Amino acid sequence: MSDGLLQSLRNLFTLTDEQAMWRLQHSGDGEAFATLMERWRGPIARLCTRMTGDAHRGEDLAQEAFLKLYSQRHQYRAEGRFSSFLWRIALNLCHDESRRNRRRSEVPLESEDEDQPGHLDLLADDAPSASEQVEDNERAQIVSRALLRLPEHYRSVVVLKHYHGLKLREIAEVLGIPDGTVKSRLSEGLQQLGRYLTPHLAELGNVAEGRGRNRKPEELFIL
Amino acid sequence: MNHPTPEAWAEYVYGECDAPTKADLEAHVAVCPACRVQLDQFRRIQSELTAYTLPQIASASRSIRLLPRGPWLAAAAAAGVFLLGVATTLLISGGQNRDEAIQTRLKPAIRQELEALMASSNTLRATPVQLTQSDATQPEIPSTTAPDANEELRTAFAEFLTVYRNDRAEDRAVLANAIQQLERQRRADYIRLRSDLETVALTTSDQLSRTRSDLSQLAVYTVSDDRPNPPAPKDKDKGRP
């Protein structure tokens, strides 16, 4: 069987997200749900991880997001993008989670211990040497903490834009706010991040900064 | 000098502004050190954010490999395509004109078959008649001895023959009638068969589409159950000896 034929067969068998969602809505199709989950579990878990700063909590929230997707399937309107619907569900869950956390503990997130769990194992192991890897870990932890310090409405815009590559218009659709507000939140979010990151990363030294700058952001976009 | 807003620079670093705006911003930053600082800061933050990576979480890369997973799946897909082809041919060829053509072609065959059937039933019916004939001739033998009786017998026999001929004509008419009825019956049966076939073709295509979705689901399961699957056959193998 030629690759071309396989490709066309694959296309024949592939549902779009909206088609799968339609089937889920109209016949409670478990297969369509499995397809959606297979496709979106990764991105949603990463979004929740970055929004909460904890990989395990991120996974749990992603799971919860799919449960919610199933129970709220009738609220989805076909004219909207499926991805926007799902991002919105996940972000709402993250929002609820951080509100619960704030209520539960007087300690703000940013003052957590340096060696908080869940961060050391998050990192890509593409660093060539152990010392560089340690340095990368530290950078990632600093960035993660910087994100957590950001007010949530800035954080969600920055995460959707930077890590998930959504267009500003799509972010506006997800959050239900005007395009202009998304722009100002993005720029304000970046500036606040800069104010926190600049002194903290200066400690890590110039070498690391040079290496970080050489990386192409496109390679790490996940969607 | 009118400096672009930080929003504009944020849009710029994420490649979201249109070409003329981009050109304006680039022209501006070339002559404005303050905005150069702003732009550099955004770029630095961008690269720092990028340093915060997460491991790829399971599904993203796997979901792309939806179909070709091992030879059996390819074979199943091929079988699906073959069935699809068969169903399509059935549906396309099931037109009314072809239906009629087959009917006209079948008509003489049905007639021939029925005529053969009639002939065999005739011989069956004829046999007892011949028997009665021979029975009738048997008493003719003694009739040669008595001419009066012979004459009487001959008239009786003639009478019997006319009755027999009438009977046969009647039989033949009944049989012709029956044949026509049978022919009609068969044609009706044939038409019913055609419509049944068409229903089967439709059901098959329906089933096919369901199988198709089953297949894709199976592919998904095969992919996601990647690890738990291989040990299962091993256990079976162990169980056999």
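Using 0.36 nm times the number of residues separating A:GLN63 and A:SER8, minus their current alpha carbon distance, what extension gain do you get?
Working: separation 55, 0.36 × 55 = 19.80 nm, distance 3.23 nm.
Stretched fully, the A:GLN63-A:SER8 segment lengthens by 16.6 nm.
Let me test this: with uniform point scatterers at the alpha carbons of region A:37-96, what is the Debye-based log₁₀ I(q)/I(0) at q = 0.19, 0.21, 0.23, 0.28 1/Å?
Debye output, listed in q order: -0.60, -0.72, -0.85, -1.18.
Mind ordering A:176-183, B:180-187 by average Cβ neighbours within 10 Å, highest first?
A:176-183, B:180-187
Quick check: with the 1.4 Å probe, what order do B:TYR52, B:TYR14 take by accessible area, largest first?
Output order, biggest surface exposure first: B:TYR14, B:TYR52.
Buried accessible area between B and A (1.4 Å probe, both chains summed, ligands and nucleic acids excluded), in Å² to the nearest 100? Write out the running numbers ahead of the final one.
Details: alone 18280 and 13240 Å², together 26880 Å².
Interface between B and A: roughly 4600 Å².
Could you order A:LYS161, A:LYS68 by accessible surface area, starting with the largest, using a probe radius of 1.4 Å? List each step's numbers first, then the result.
On the way: A:LYS161 10, A:LYS68 65 Å².
Reading off the accessible areas and sorting them downward yields A:LYS68, A:LYS161.
The values are calculated or read from the model by the stated rules, or taken from the named source; none is laboratory data. Because the structure is predicted, anything quoted here is derived from the model rather than measured. Quick reminder, even Gly has a Cβ in these numbers, built from the backbone with ideal geometry, and neighbours come from all protein chains shown. What goes into the accessible areas is simple: the full protein's heavy atoms, side chains included, and nothing from ligands, DNA or RNA. Shrake-Rupley method; radii C 1.70, N 1.55, O 1.52, S 1.80 Å.
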